[in-house]
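Reviewing the structure listed below.
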Amino acid sequence: MFKPLFFLLIFITSLEAVKYIAANEVGLRPGIAGNVQASINNQRGNTDKDEYDASARISYDNNRTYVTWLEFSYAYGQASGIENENKAFLHYRFLHTLFATDWNWEAYVQNEGDDFRQIQRRLLGGGGVRWRFYHSDAFGRIYVGLGAYYEYLNYTDPEIDPKEYNSRLNTYLMYTKKFGKDARISLASYYQPKLNDWNDHYIYNAASLLVYVYGSIYLKMSISYAYDTQPAIGVEKQDMQQLSSIGWKFGAKSNR
């Protein structure tokens, strides 16, 4: 099993692919379930650096018509005593079946802040429709989403960057594939243009490989890429991150 996983990891780390909302569906993990994961990097000597990343997720799946979940993450870093990362993210989502199990409607709210993108607060709420248009044990699952959301942006320096109130289209494509009981690969791509100005858009890509190492304990390797055509003044348009974390899942086991 580890030989194909090695080649998958090479494939993932070659992608220009930040955090994204992992694919979920009704009946995947019935009942209450969740996970916590963390990454810590401390260096002293020629390099003086501290990096901390932590995240948690809890979900409830009634195994018939809906699944709902809450995700939280926080990241902090400093180099030579100078802070270089400080961001937090909170997301709640509700997913409900439509006329067939492959079709779902979803609603969500989100709150986030990122000091180094000069975002004091970004609030959004929206919804849409998701279609699982392909699934097989051999190839995996592919999802397509289409919807919209309303966004409020409050920057750290409102005199330079005034508050924004935007309506955006939300489109995404997701792929996930399970390898036996021990590993899963996930890929996702988002495109989110402003409805009244498509030149103002977000592009957001992510890839991850999760491997169980002992019981419910897993290692997760991920890479992400985000592009904002109109960020705050003085902020780079693109962000890329590679992260390796250890985590623990609890609750119901996956049915698929």
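The values are calculated or read from the model by the stated rules, or taken from the named source; none is laboratory data. Worth saying up front: this structure is predicted, and the values here are computed from it rather than measured. Here Cβ is always computed from backbone atoms with ideal geometry, including for glycine, and neighbour counts include all displayed protein chains.
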Exactly one of these conditions fails for Gln242: (1) more than 12 Å from Ala206 (Cβ to Cβ); (2) loosely packed, with under 15 Cβ neighbours inside 10 Å; (3) touching a strand residue (DSSP E or B) at 6+ places or on another chain (Cβ under 8 Å); (4) at pLDDT below 95. Give me its number. (1)
Collect the residues in the stretch 62-85 that are more than 19 Å from Gly127 (Cβ to Cβ), surrounded by 14 or more Cβ atoms within 10 Å (Cβ to Cβ) and more than 17 Å from the chain's Cα centre (by Cα), keeping them in residue-number order. Asn63, Tyr76, Gly77, Gln78, Ala79, Asn84, Glu85
Is it the case that the stretch 70-81 has a residue that's assigned to a strand (DSSP E or B), over 27 Å from Ala232 (Cβ atoms) and not small (Gly, Ala, Ser)? yes
Strands (runs of 3 or more DSSP E) completely within the stretch 163-256 that count 1 or more residues being basic (Lys, Arg): 164-179, 183-194, 217-228, 238-251
Among the candidates Ser244, Ser189, Ser216, Ser222, single out the residue that is of a type in the set (S, T, N, Q) and touching a helix residue (DSSP H, G or I) at 6+ places or on another chain (Cβ under 9 Å). Ser222
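Return the only residue of Asn84, Asn63, Asn46, Asn35 being more than 21 Å from Asn111 (Cβ to Cβ) and in a strand (DSSP E or B). Walk me through how you get there before you give the answer.
On the way: Asn63 fails: in a strand (DSSP E or B); Asn46 fails: in a strand (DSSP E or B); Asn35 fails: more than 21 Å from Asn111 (Cβ to Cβ).
Answer to the selection: Asn84.
Based on this model, can you work out whether Leu98 counts as within 22 Å of Arg141 (Cα to Cα) and out of contact with any Cys (no Cβ under 9 Å at 6 or more places or on another chain)? Steps first, answer last, please.
Working: within 22 Å of Arg141 (Cα to Cα): yes; out of contact with any Cys (no Cβ under 9 Å at 6 or more places or on another chain): yes.
In short, yes.
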Selection over the stretch 29-61 where residues are of a type in the set (Ser, Thr, Tyr), under 26 Å from Ala79 (Cα atoms) and under 23 Å from the mean Cα position of the chain (by Cα) yields a count of 3
Identify the single condition in (1) farther than 30 Å from Gln43 by Cβ; (2) surrounded by 15 or more Cβ atoms within 10 Å (Cβ to Cβ) that Phe89 does not satisfy, given that it satisfies every other one. (1)
Of all residues in the stretch 88-121, which are touching a Lys or Arg at 6+ places or on another chain (Cβ under 6 Å), closer than 19 Å to Thr171 by Cβ and not acidic (Asp, Glu)? Asn104, Tyr108
